[in-house]
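The values are calculated or read from the model by the stated rules, or taken from the named source; none is laboratory data. As the structure is a prediction and not an experimental result, all values here were calculated from the model. Using ideal geometry, Cβ is built from the backbone for each residue, glycine included, and neighbour counts are taken over all protein chains shown. Quick note on the areas: whole protein, heavy atoms, side chains included, nothing else; ligands and nucleic acids left out. Shrake-Rupley method; radii C 1.70, N 1.55, O 1.52, S 1.80 Å.
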Amino acid sequence: MQKKENLYNRSTSIDISPSEFRKMGYKVVDQITELLESIKDRPVRPSEDNEEIKTFLNASKSLPETGDSPDKLLKLSSELLINHSLFNGHPKFFGYITSSPAPLGILGDFLSSAINANVGARTLSPMATEIEAQTVRWIGELINYPENGGLLVSGGNVANYIGFIAAIRAKAGLEIRQNGINSLKRELIAYCSAETHTWIQKAADLFGLGTDNIQWIKTDESQRMDVSALEESIIVDIKAGKQPFLVVGTAGSVSTGTIDPLDKISEICQKYELWFHIDGAYGGFAASLPELKKEFSGLENADSIAIDPHKWLYSPLEAGCALVKDPRHLTNAFSYHPPYYNFEQSDLNYVDYGIQNSRGFKALKVWLTLQQMGRTGYKQLIREDIALAETAYNLFSNLSDFEAFTWHLSICTFRYVPADLEQWKGNDTISEYLNELNQQLLVQLEKSGQFFLSNAIINQNFILRMCIVNFRTTKSDIEALPHILRNFGEKIDRDIRPDLLFE
Ligand SMILES: *Cc1c(COP(=O)(O)O)cnc(C)c1O
C-alpha cells in the first residue's frame, strides 16, 4: 500500500534552493559567454552525422524512473549542445534566412521565462501586455507602417496565417466563422507570385481554401510578380464566377530577396477591392532604409504584413510579428468570449487577436534590442548586411571560375563553373553536370564546417545562395569564401567529371 503523503511538508520538489539556483545560473551564463567569445574559432556545424549525434545523446534511452541532479543535467546538456550544434551565430553562417541571436535577446528570453507571463490576457500579464503592445507599435514605426495593430507569433508562417485568416473573414463575411467555407456561393481565390514561400500552401490547405485555389502568378526576369498577369488572372476568375479576395506581395523573396512591385499590387487591390497582404518575413525590416523607399513604396497601403524579428532584428528564435492596418480585423477574426474567461472585454487581451490561447512573452527580447540599437542602429546593421551581400556579388562577378547570378537585399546567388566549361554552360549536358557539381560542393562545404550556405534554383540551375542576416559577419569572412569553394570545387570536379565532357 502507498504511504499516505504528508502534504504539510511535501517530500518531493522540483524547486531548487536559491543558492543552488544562483550557482548554476552563473555557471550557465559563464558557458554561454565562453561560447560567444569563441564562436568564430569553432566549426559552423559539427562534423558528426546523425547516427553519431544519437550516440552522444544516448537517444534510445528510456525515460528515467528516478530523478537526477539539476547541476549534473545542466552541465550535460550544455556539453551536448555546445559541442554538437550548428551555430547560426557564427560569422560564416549564411544559410537559409536564420540570423545570429542578439546577446541581449538571449538574456531577455531568460528573464522572460522567469517571469513566465501568460500574455494571452492582460490580467495575467499587466506589464508584459503593455510591452508587447509597445513592441508591435515600434516595429510598425520602424518600417513606416504606423498606427497599426498586431501581435507577436512564433514566426513568419504563423504571421502570414494571421493575415490570411483576417483576409478571409474581412472579404467573405464574418458569418463564415459559423457557416464555414462550404456555405460560400463563390470559390475564394488567393493570388501570389510563383516565388512565394510555401506558407501559402499550408494556409490554403489548413484554413479550408485548398491549394488549387491559389493562383501562382508568373514572375519577370528578376523574379518579381508580373502585375499585368495578376490583373488578367483576376479578370478571368471573376468572369468564371469566382471570388478573388487576397493578393500577397512578397517583400524579400526567400530564394533571391526580390521585392514584388508593392505599389502596383496595391493599386490592383484597391481597384478590385481585394485584401493586400505583404509577406515581409525576411525583407520587411529593410523598409526602414530611406535608400529603399522606392522598392517598398505601397507597403503603407497593406491591410496586413508578416514580419520576422527573428530574422532581421536578430531576435533569438522564436519571434514573428503580424501587423494589420486596423486591429478590429483581428478581433473580428479571432475573438470569442467563453464564460470561464473573466476578462474585461474592451481590454487588450491577446487571446482575442490570434490563434494561441496561453502565450509566452516573446516581445521582451525584441523590445530590448529595439532600444539597445534604436532606429539608427538597426538601419545601420541592415544596411551593412546588404552591403556585404553586394561585396560577395561583386567578388564572384570578377572571378573567372564563378558565375554570379543575383544580388537583392542581403542575398547573393552564384555558382562554381570550372574555367574550361565556362563557354559550354548553355549546353544541356554541361548544365546538368554543373548542377551536380554545385550540389556536391554545397554538401562538402557544409560538412567541412568552414562555411554554411544554402541553395536556390534559378531557371533549373542549382545555384549557391548566401543570405547575410548576421551582425558578426565582416568583409574578411566574405573574402575567404571563394578560395575555399574553389579548393572543394576543383577536387570534386576531378573526382566526378564524366568522360563525355572532354570532347
Ligand atoms: C522565413 C520566411 C517565411 C517563414 O517564416 P518562419 O519564421 O520560418 O516561419 C515566410 N516567408 C518568407 C518570405 C520568409 O523569408
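Restricting to region 274-290, and then to whatever is over 21 Å from residue 162 (Cβ atoms) and touching a residue at least 12 places away in the same chain (Cβ under 8 Å), can you tell me which residue is nearest to the ligand (Cβ to nearest atom)?
Among residues in region 274-290 that are over 21 Å from residue 162 (Cβ atoms) and touching a residue at least 12 places away in the same chain (Cβ under 8 Å), the one nearest to the ligand (Cβ to nearest atom) is 286.
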Does residue 267 satisfy the condition of being farther than 30 Å from residue 390 by Cβ, more than 16 Å from the ligand (Cβ to nearest atom) and either surrounded by 14 or more Cβ atoms within 10 Å (Cβ to Cβ) or in contact (Cβ under 8 Å) with a residue 12 or more places away in the chain (or both)?
-> yes
Check residue 254 against each of (1) in contact with a Pro (Cβ under 6 Å, 6 or more places away or on another chain); (2) within 14 Å of the ligand (Cβ to nearest atom) and name the one condition it does not meet.
-> (1)
For residue 413, indicate whether it is buried (at least 21 other Cβ atoms within 10 Å of the Cβ), part of a strand (DSSP E or B) and among the hydroxyl-bearing types (Ser, Thr, Tyr).
-> yes
From the option list 484, 463, single residue qualifying as β-branched (Val, Ile, Thr), modelled with pLDDT of 95 or more and surrounded by 20 or more Cβ atoms within 10 Å (Cβ to Cβ) is 463
Considering only residues of region 395-406 that are among the aromatic types (Phe, Trp, Tyr) and farther than 14 Å from residue 478 by Cα, which is surrounded by the fewest Cβ atoms within 10 Å (Cβ to Cβ)?
-> 405
Neighbours by Cβ (under 8 Å, 6+ apart or cross-chain): first from region 445-472, closer than 14 Å to residue 389 by Cβ and among the basic types (Lys, Arg); second assigned to a strand (DSSP E or B) and at pLDDT 95 or above = 465/411; 465/412; 465/413; 465/454; 465/455; 465/456
Matching residues, region 29-72, being farther than 23 Å from residue 114 by Cα, part of a helix (DSSP H, G or I) and open to solvent by less than 50 Å² (accessible area, probe 1.4 Å) | 38, 39
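With respect to residue 98, determine if the residue is touching a residue at least 24 places away in the same chain (Cβ under 8 Å) and either closer than 26 Å to residue 364 by Cβ or surrounded by fewer than 13 Cβ atoms within 10 Å (Cβ to Cβ) (or both).
Answer is yes for this residue.
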Does region 288-315 hold any residues that are closer than 18 Å to residue 159 by Cα, open to solvent by 10 Å² or more (accessible area, probe 1.4 Å) and over 11 Å from the mean Cα position of the chain (by Cα), and which are they?
-> 300, 301, 303
Residues of region 8-28 satisfying the condition of being exposed (fewer than 10 other Cβ atoms within 10 Å of the Cβ) and of a type in the set (Lys, Arg) | 10
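For the condition without any contact (Cβ under 8 Å) to a residue 12 or more places away in the chain and either open to solvent by 10 Å² or more (accessible area, probe 1.4 Å) or within 13 Å of the ligand (Cβ to nearest atom) (or both), what is the one hit in 338, 327?
When all the criteria are applied, what remains is 338.
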Quick check: is even one residue across region 228-235 under 22 Å from residue 299 (Cβ atoms), open to solvent by 40 Å² or more (accessible area, probe 1.4 Å) and more than 16 Å from the ligand (Cβ to nearest atom)?
-> yes
Expected single match for within 29 Å of residue 289 (Cβ to Cβ) and either in contact with a Gly (Cβ under 6 Å, 6 or more places away or on another chain) or within 16 Å of the ligand (Cβ to nearest atom) (or both) among 221, 195 is 195
Counted residues in region 118-143 being touching a Pro at 6+ places or on another chain (Cβ under 9 Å) and more than 15 Å from residue 320 (Cβ to Cβ) come to 1
Inside region 110-140, can you point out the residues that are assigned to a helix (DSSP H, G or I) and open to solvent by 70 Å² or more (accessible area, probe 1.4 Å)?
-> 110, 111, 113, 114, 115, 123, 124, 126, 127, 130, 137
